[in-house]
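Below you'll find the structure, written out as C-alpha cells, and then a few comments.
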Amino acid sequence: MAYLFVHFKEKKTPDGEQVYFGISREGFEWELVNEGNPILWSYFGDKGVRDHTIIRTEANDFVIMSTDLSLSYGMLNQYQDSWEKIGREGSKSLMLWRSKDLINWEKQETIQLGDENFGCLWAPDIIYDRQNQDYVVHWSSAHARNNYGQKAIYYSRTKDFKDFSMPEILYQKPDSGVIDSAIYEEDGQYYLFVKSEAHPEKIILLRSEQVTGPYERVVNFDKSMADLEAGVYEAPTAVKTADGSWCLFLDFYGTTTEKQGYIPFVADALVNGNFVRSDEKFSFPYGYKHGTILSITEEEYGRLKNYKKPISEF
C-alpha cells in the first residue's frame, strides 16, 4: 500500500493555489510528484483552488473537488483584502476533476451547490455512504439564515458527481462556527473532525452511527489536543496505515509562510481519540497545505513517481 497527498502551496503567486500531488510508500516519508509543479490548474471561477479532497469511487475512478478561491487574484480585486467579504460573497461552487488513472484528467467542471443564500463554499470533503450507496459531499459555509454569522457544515448527496441533492446541515456547533470537516468510518461508526472557531479554537472530533449525524463529541480527543496552541491549526485529514494505526495531519499556520505545513499525530484507533504528536517519524519536501490523503496501489505509486508533465502544458 502507498499513499497520495493532494494539496496546494501557500504562496502569494497564483501557481500556489492549484492542485499538487505528493506520494509516499508508507505514509511517513513524502516525495515530490511532477518535480513539485502543479498537476492541475484552475481556469474557471476564481482561477485558483484550495482545500482539495480526493476519493476513489466504487467504479475505481478518481474525483478531486476543491474550494474555488484565489487569494492571489481575489484579495487584490473583488474581495478587497477582506476575509469577511470572501465569506459572504465568495464562490457558491466547487471545482471538480475526474480521472481513471490519476495521470489523465478530464476537463475541469464547476459544480454549483450553493444558492444566493450561501456564502463561500469552503473545504469540501467526500465520503461514500454504504447504507445509501451514494457519496456525501460536505463543506463549510456561512449562510443568510443567521446573517452570515457562525459557519456550519453542509452536505449534498450524489451517485455520479453530476446530479446533487439540495444542501442540508450536517453539523452546527451551538457556541461557535465550524469549518474544515473530514469524515472517516471505523467499525461501523463515523468520525467527524472539524475545526471549531471558538470554545475551543482547535480541532475537535465527533462520532455518529450515521454519516450525516447526529454527532457527539469525543472528549478524549480534546484531552490529547490540550497542549496544542489554540488558533494555529486547521484542515484535519487522516488516513489508516498498513499497520492499522491512524495518522492525523493538522495544517499548522501559526508561523511564517515558508514554515507552514502539516503536523502529524498517530493513534491506534479513532474510537479512543488518543492521538500523539509524531513529528520525528515524518518528512515532507515542502509545506503541504490543506489537502487529503488517499491510499493507492504500488502500480499507481509507480506511475505518479515517474510522471512529468510537459512544460508546454503549464
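The values are calculated or read from the model by the stated rules, or taken from the named source; none is laboratory data. Bear in mind the structure is a predicted one, so any value in this text is a computation, not a measurement. Reconstructed Cβ throughout: ideal geometry from the backbone, glycine too, with neighbour counts over all protein chains shown.
Among the residues of segment 133-148, some residue qualifies, meaning at least one is free of Cβ contacts under 8 Å to residues at least 60 places away in the same chain and touching a helix residue (DSSP H, G or I) at 6+ places or on another chain (Cβ under 7 Å).
Test Thr57 against the stated conditions and say whether it is surrounded by fewer than 22 Cβ atoms within 10 Å (Cβ to Cβ) and touching a helix residue (DSSP H, G or I) at 6+ places or on another chain (Cβ under 8 Å). Answer is no for this residue.
Within segment 210-217, is even one residue aliphatic (A, V, I, L, M), surrounded by 13 or more Cβ atoms within 10 Å (Cβ to Cβ) and assigned to a loop (DSSP other than H, G, I, E, B)? There is at least one residue in segment 210-217 that is aliphatic (A, V, I, L, M), surrounded by 13 or more Cβ atoms within 10 Å (Cβ to Cβ) and assigned to a loop (DSSP other than H, G, I, E, B).
Is it the case that segment 218-228 has a residue that's over 17 Å from the mean Cα position of the chain (by Cα) and on the phi > 0 side of the Ramachandran plot? Even if it seems obvious, please write down each step before you answer.
Taking segment 218-228 as the starting set, the residues that turn out to be over 17 Å from the mean Cα position of the chain (by Cα) are 218-228.
If we keep only those that are on the phi > 0 side of the Ramachandran plot too, we end up with none.
Looking for residues that are over 17 Å from the mean Cα position of the chain (by Cα) and on the phi > 0 side of the Ramachandran plot, one finds none in segment 218-228, hence no.
Candidates Asp180, Asp222: the one that is modelled with pLDDT of 95 or more, crowded, with 19+ Cβ neighbours inside 10 Å, among the acidic types (Asp, Glu) and not in a loop (DSSP other than H, G, I, E, B) is Asp180.
Check segment 62-76 and report whether any residue there is on the phi > 0 side of the Ramachandran plot and modelled with pLDDT under 95. Scanning segment 62-76, I find no residue that is on the phi > 0 side of the Ramachandran plot and modelled with pLDDT under 95, so the answer is no. The set of residues in segment 183-201 that are outside any strand (DSSP E or B) and touching a strand residue (DSSP E or B) at 6+ places or on another chain (Cβ under 6 Å) comprises Glu197, Ala198, His199. Restricting the search to segment 276-314, which residues are of a type in the set (Gly, Ala, Ser) and either in contact with a His (Cβ under 7 Å, 6 or more places away or on another chain) or not in a strand (DSSP E or B) (or both)? Matches in segment 276-314: Ser278, Gly287, Gly291, Gly302, Ser312.
May I ask you to say which residue of Glu229, Glu234 is acidic (Asp, Glu), part of a loop (DSSP other than H, G, I, E, B), out of contact with any helix residue (DSSP H, G or I) (no Cβ under 7 Å at 6 or more places or on another chain) and modelled with pLDDT of 95 or more? Give the steps one after another, and end with the answer.
Details: Glu234 fails: part of a loop (DSSP other than H, G, I, E, B).
The unique qualifying residue is Glu229.
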